[in-house]
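Read-outs throughout are calculated quantities, based only on the coordinates presented, and are distinct from any laboratory measurement. In this text the structure is predicted, and so the values were computed from the model without any measurement. Please note: Cβ atoms are built from the backbone with ideal geometry, for glycine as well, and neighbour counts cover all protein chains shown.
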Amino acid sequence: MTSRQQVRNDTVVSIDYTVRLDNGEILDSTEDSAPLEYLHGYNNIISGLEKALEGMGVGEQREITVAPAEAYGERSEEAAAWYPREAFPVEDLEPGMTFQVEDDEGRPVLIHVSEVEDKRVLVDYNHPLAGETLHFEVEVVDVRPATPEELEHGHAHHGHGHH
Ligand code: ZN
């Protein structure tokens with residue numbers, strides 16, 4: 001087989017990409033950095049992007065639109081709750097601040113302060129990008145077979161050493 005490498009499960013894929021929000025704002029880009037390298041098929045990147053990359057070849061470019069459900073989820077109005085102000089031992093508490101807390105099972109959860117009153121604080125558990133449609137411009141830069149160690153770990157190992 002001499003066909004060029006294609007993105008499929010158990011390959012390590014390098015992509016250059018720029019991702020924009022609906023309003024055109026650039027959220028992230030590899031323009032000034034190394035390509036993103038990830039192990040395909042292990043949910044290491046958002047599912048809508050991973051699905052769209054499947055089968056692409058090295059050098060191929062594509063515009064990919066990812067709906068919220070396949071990106072950071074839909075916004076949920078129920079994912080908000082008021083907490084007493086003293087639950088936040090921070091002097092200058094302001095809307096927009098982010099805290100990492102633990103859920104009932106001890107897993108890390110990111111919460112966002114959306115309103116601050118004298119005695120209470122409104123916390124939003126939605127991901128800051130929940131409800132956003134993401135617009136990717138992607139180019140597949142490289143595809144290589146994953147090493148046994150990478151497959152065992154479920155992620156790509158970049159350059160030297162281990163992370
Ligand atoms: Zn590892």
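Using C-alpha pairs below 8 Å separated by at least 6 residues, the relative contact order for region 101-140 is 26 percent. Between 40, 7, 72, the Cα set farthest toward the positive side of the dipole of the chain (charges on each charged residue's Cβ, about the Cα centre) is that of 7. Sparsely packed loop sites in region 80-163 (the chymotrypsin sites (Phe, Trp or Tyr not before Pro) outside DSSP H, G, I, E and B with at most 16 other Cβ atoms within 10 Å) comprise 125. For the chain, which longest stretch is free of loop sites, where a loop site is one of the trypsin sites (Lys or Arg not before Pro) that DSSP puts outside H, G, I, E and B and that has at most 12 other Cβ atoms within 10 Å? The longest such stretch corresponds to 5-118. Springs between alpha-carbon pairs under 10 angstrom, Gaussian network model over the chain: which of 123, 140, 12 fluctuates most? In this elastic network of the chain, the residue with the biggest mean-square fluctuation among 123, 140, 12 is 123. Were the residues from residue 43 through residue 27 laid out at 0.36 nm apart, the gain over their Cα-Cα distance would be 3.8 nm.
As a proxy for reagent exposure, ranking 111, 45 by other Cβ atoms within 10 Å from fewest up yields 45, 111.
What are the semi-axes of the equivalent ellipsoid for the chain, taken as the square roots of 5 times the Cα gyration tensor eigenvalues, largest first, in whole Å?
In descending order the semi-axes read 37, 19, 14 Å.
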